[in-house]
1. In terms of the Cα gyration tensor, with a ≥ b ≥ c the square roots of its eigenvalues, is segment 151-229 rounded because a/c is under 1.5, prolate because a/b exceeds b/c, or oblate?
2. When a/c reaches 1.5 or more, the comparison of a/b and b/c decides; with that in mind, is the chain rounded, prolate or oblate per its Cα gyration tensor?
3. What is segment 123-190 by shape, rounded, prolate or oblate, if you read a ≥ b ≥ c off the alpha carbon gyration tensor as root eigenvalues and call it rounded for a/c under 1.5, prolate for a/b larger than b/c, and oblate otherwise?
4. Please list, in chain and number order, the residues 5+ apart from VAL143 or on another chain whose amide H is under 5 Å from its amide H, with Hs placed from the backbone.
5. Could you give the size of the charge dipole of the chain about its Cα centre, using +1 on the Cβ of each K and R and -1 on the Cβ of each D and E, expressed in debye and rounded to the nearest 20?
6. Could you compute the net charge surrounding PRO134? Neighbours are other residues with a C-beta less than 14 Å from the C-beta of PRO134; K and R count +1, D and E count -1.
7. Compare the Cα positions of CYS266, ASN280, ALA204 along the charge dipole of segment 202-285 (+1 at Cβ of Lys, Arg; -1 at Cβ of Asp, Glu; about the Cα centre) and return the one farthest towards the positive end.
8. Whole-Hz ³J(HN,Hα) for each residue in segment 313-318, computed from phi via Karplus 6.51 cos²θ - 1.76 cosθ + 1.60 with θ = phi - 60°, x for glycine and proline: what do you get?
Amino acid sequence: MWFVWPRATRPRLGRGKVKSRGRVVRDHTIKSMTYKVTLIPGDGIGPEVMQATVRIVQATGVKFDWEIFQAGAEAFAKYHEYIPKELVESIERTRVGLKGPVTTPVGEGFSSINVALRKKFELYANFRPIRNLPHIPTRYPGVDLIIVRENTESLYSGIEHEVVPGVVESLKIITEKASTRIARFAFEYSRKNRRKKIHAIHKANIMKLSDGLFLRCCRDVAKEYPEITYGEHIVDNTCMQLVMNPYQYDVLVMENLYGDIISDLCAAFVGGLGFVPSANLGDSCAIFEAVHGSAPDIAGKDMANPTAVIRSAQLMLRHLGEHHAADKIHDGLEKVYRTKDKLTRDVGGTAGTSEFADAIIQFMETSTDVPAQAESSHA
């Protein structure tokens, strides 16, 4: 089964790729192109996990020209801007970004860099696959969930102000355009990747206008996809149902704040945020990122686990049509977790970040090279 993005988010074909029966596949008889990608190392452990990921990605044989820029506090110290204009121009030029964790101050300081980038480039769809890795102890083996989160509006947009001292107002804005767009993304992805069921997650029993509009848009879109079972669950009940039995769900589509909470909850099913990739997708740009914290307490100690960034890079490769390269990383990563010899300390091993990456690369180099099978279960 081929891993295919909805049409609006797919990159343009370049040299070295051909189309076959609607599939984007790698043609190894044509000289490989070089991809320009904006690289944002991030804060704390960000530079270490990104360096490990870049080495792994380059070991696939795919050629990259990395344009490296900082964002957040480190960028402000250098450029007096949290998101330097050079970074913005780079993403506008490359249309693809790979990003490490960036610290967001709690209750004060500058606004979230993640939210700002999503708004700036209209990255309206947050796509997060939730799948287990070998030998990571969890209560739920064999989880296969897709979280689709609207990225540009609702309470998570951070539109708020102080009415009078001691009274603060936050605005929840829901639009027909954004709700329809994210619903269509979820259904298009599900159709192209043979997912069978979608649940729209809401609180329309209380917020009858805003969440009611979101549901009406989802229902209208669902009528165009009769082969996909459509359901609706209230967000608080969804949290309970997920903990009781996550296997009852397939694809979940929801507003921004609900998606932030539920995607983190679901990450716990497979070991935590350190194992889950994330893609932020728009019509013209895409940014792939780890969603865990910057862990400043272990920064610079070669202790961090780069798995989340590595799996996000796999999504990036599939976005670029490099399914064979993504499969190589997928297989190498899974072999490291299966053998358990070179795991990092957070999962019971003794290896450092660099040694963990070396082990993946070694498995990639020694594995039998087979034709790409870009299944949607590879993330």
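Since every read-out is calculated from the coordinates, none of them should be taken as a lab result. The shown structure was predicted, so the numbers you read here are calculated from the model rather than taken from an experiment. Note: ideal-geometry Cβ built from the backbone for every residue, glycine included; neighbour counts use all protein chains shown.
1. On the way: a/c = 3.36, a/b = 2.55, b/c = 1.32.
Prolate, since a/c reaches 1.5 and a/b exceeds b/c.
2. Details: a/c = 1.41, a/b = 1.21, b/c = 1.17.
Verdict is rounded for the chain.
3. Numbers: a/c = 4.66, a/b = 1.69, b/c = 2.75.
Oblate is the answer for segment 123-190, as a/c is 1.5 or above yet b/c matches or exceeds a/b.
4. Sorted by chain and number, the residues that satisfy this are ASN132.
5. Numbers: 49 positive and 45 negative charges, 334 e Å.
It works out to roughly 1600 debye.
6. Values: positive: ARG131, ARG311, LYS335, ARG338, LYS340, LYS342; negative: ASP331, GLU334, ASP341.
That sum, taken over residues with Cβ under 14 Å, equals +3.
7. Farthest towards the positive end: ALA204.
8. Working through the residues one at a time gives 5, 4, 4, 4, 4, 5 Hz.
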